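The values are calculated or read from the model by the stated rules, or taken from the named source; none is laboratory data. All of these numbers come straight from a predicted model, not from anything done at the bench. Here the Cβ is made from the backbone with ideal geometry for all residues, glycine too, and neighbour counts use every protein chain on show. Areas reflect the complete protein model, heavy atoms only, side chains present, ligands, DNA and RNA absent. Shrake-Rupley method; radii C 1.70, N 1.55, O 1.52, S 1.80 Å.
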Amino acid sequence: MTEAHRGARWALLYGNFTIGCGVMVVAGALNDLVRSLQVSVAVGGQLIAVAAVVMAVGAPLMAAVVAGIDRRRLLTLALLWFGLGHGLSALMPNYAALLPVRALSVLGAAVFTPQAAAAIGVMVPPEQRGRAITFVFLGWSVSSVLGMPLHAYIGEAFGWRHAFGLVALLALAGAAWVWRAMPDGVRPAALSLAHWRQVFTHPVLMAIVAVTALSGAGQFTLFSYIAPYYRQVLGASAGQISLMFLWYGAVGVFGNVLLSRHIDRFGTDRAVALLLGCMALSLLAWPLGATLPLMVLVIAPWALGCFASNSAQQARLSLAAPALAPALVALNSSAIYVGQALGASSGGAIMAQQGFGPLHWVGSAWMLAALALSQWAARRSRGPRPPEAALG
């Protein structure tokens, strides 16, 4: 790998760190946001659901629209859009004004994350592709270590507007870094309608994509409302909430680093199964976290698998059908946000009627369904391989 490619990897990692900070800013600052805008926790959480729908729909649509654009320019513009959108969001006077501005701003995320993975996938040799893609996705894990606790603290101490403003500054810095580090001329092959048809009609590939959506729904049924849960159920202070997010993120980074180092040897199918199992364990054991010290232990397996599972899924799809990787990465990113929308919206509806109590059971059901489907796809992928989309 050349020095230029190493620099691009770090810039794209930082770009994903910024995207992760922006996607999670509502969850981190939700306590102050609902107080400031005078809406319920369930209504405030719909900011997560609406943004997730926009990203879910936007990722594959934008992948088709931007196929021929040089990735240096495309990724820089995506971060600029993301930053400016969050800066404007911080100025919105009420919830009704904030919702559409926030929704439009996350179109930058719909473009950046899948296209960054596709770009690095064509920049490195095939034998390094899995490690390179998971390295770029480390940015999401780091955002949970630094971004989530910082959003929670800033939201409690200074207000949610300052948390959104921080995302804007991070994105503008990321745009400058990507522009400087990315080489010109990176253009993953554009996909024809026949390629897209092949993706949508391949049962194993679509099953793998569905695993991402199901696991995202399992996580965000509870995670969307975790800051209010810590405060209202466990009695956590602002500082303690930040420390809980810091712990979650630190374990998440550890999980992603382990994955990045060993995924090419361990295999993507086995890695995904292990990581989904870790998250299901935490969700099933959730009632045992009756105090903050116990919750530290309960949430650790979830954190270990959270971001690493998304990275493993991206690598799994890219290795399963390299020629279709741009479409599959975009669809998988879309599935992440579909899962967020399903989880946040269903969790909000359940909480509005029954409170926090049932959330972990619903999340567990989603996660176990994801694990079962992943195992089915792994078994099917070991059968005869179609020449146009060999599965590994």
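Return the Rg/Rh ratio of the range 130-231 with Cα-based radii and a Kirkwood Rh.
We get a ratio of 1.07 for the range 130-231.
Net charge dipole, the range 186-295: roughly 200 debye, given to the nearest 20, about the Cα centre with Cβ charges of +1 for Lys and Arg and -1 for Asp and Glu. Derived value for the range 258-337: Kirkwood hydrodynamic radius 13.7 Å. Basis is the mean of 1/r over every pair of different alpha-carbon atoms. One chain, two ends: R35 and V122. Fully extended at 0.36 nm per residue, the span grows by 26.7 nm beyond their Cα-Cα distance.
Our helix-only sum for the chain, with -39,500 (n - 2.57) per DSSP H run of n ≥ 4 divided by its residues, gives a mean residue ellipticity at 222 nm of -27000 deg cm²/dmol.
Using alpha carbons only, how many degrees (0 to 90, rounded to 10) separate the axis of helix 160-181 from the longest principal axis of the chain? Around 20 degrees separate the two axes.
Relative to the Cα centre, the charge distribution of the range 1-124, modelled as +1 at Lys and Arg Cβ and -1 at Asp and Glu Cβ, gives a dipole magnitude of about 140 debye. Distance between the modelled labels on A290 and D264, one decimal in nanometres: 4.9 nm (7 Å Cα→Cβ projection).
Inter-label distance, V57 to N94: 2.4 nm, where each label sits 7 Å from its Cα along the C-beta direction.
Out of L324, G44, P93, whose Cα points farthest toward the positive end of the dipole of the chain (charges: +1 Lys, Arg; -1 Asp, Glu; placed on Cβ)? Farthest along the dipole direction, towards plus: L324. Residue-normalised convex hull volume from the C-alpha trace of the range 61-138: 96 Å³ per residue. Judged by the gyration tensor of its Cα atoms, with axes a ≥ b ≥ c, the range 255-392 is prolate; a/c meets the 1.5 cut and a/b is the larger of a/b and b/c. For the pair L84 and Q354, label points projected 7 Å from Cα toward Cβ lie 4.5 nm apart.
Taking all protein chains as shown and a probe of 1.4 angstrom, T18 keeps an accessible surface of around 0 Å². Between helix 41-65 and the chain there is an angle of about 10 degrees, using the helix long axis and the longest principal axis of the Cα atoms. The stretch between R73 and W179, if pulled fully straight at 0.36 nm per residue, gains 37.5 nm over its current Cα-Cα span.
Centre-to-centre separation between the Cα atoms of the range 85-138 and those of the range 1-60: 8 Å. Treating each Cα of the range 158-213 as an identical point scatterer and summing with the Debye formula, the log10 of I(q)/I(0) at q = 0.24 Å⁻¹ comes to -0.88.
Percent of accessible area on the chain owned by carbon and sulfur, 1.4 Å probe?
Working: 9990 of 14320 Å².
For the chain, the apolar C and S fraction of the accessible surface comes to 70 percent.
A simple rule links phi to the HN-Hα coupling: the Karplus curve 6.51 cos²θ - 1.76 cosθ + 1.60 with θ = phi - 60°, which for the range 360-372 gives 5, 5, 5, x, 4, 4, 4, 5, 5, 5, 4, 5, 5 Hz, with x for Gly and Pro. Here the range 307-380 and the range 195-243 have alpha carbon centers that stand 7 Å from each other.
Rolling a 1.4 Å probe over the protein heavy atoms gives the chain an accessible area of 37 Å² per residue. Considering only the other residues whose Cβ falls under 14 Å of the Cβ of V111, what net charge follows from Lys and Arg at +1 and Asp and Glu at -1? Result for the local shell: +2. The alpha carbon gyration tensor of the range 107-161 gives principal lengths a ≥ b ≥ c with a/c of 1.5 or higher and a/b no greater than b/c, which makes the shape oblate.
For the chain, what is the charge dipole size about the Cα centre, in debye to the nearest 20, if Lys and Arg each add +1 at the Cβ and Asp and Glu each add -1 at the Cβ? Dipole magnitude for the chain comes out near 560 debye.
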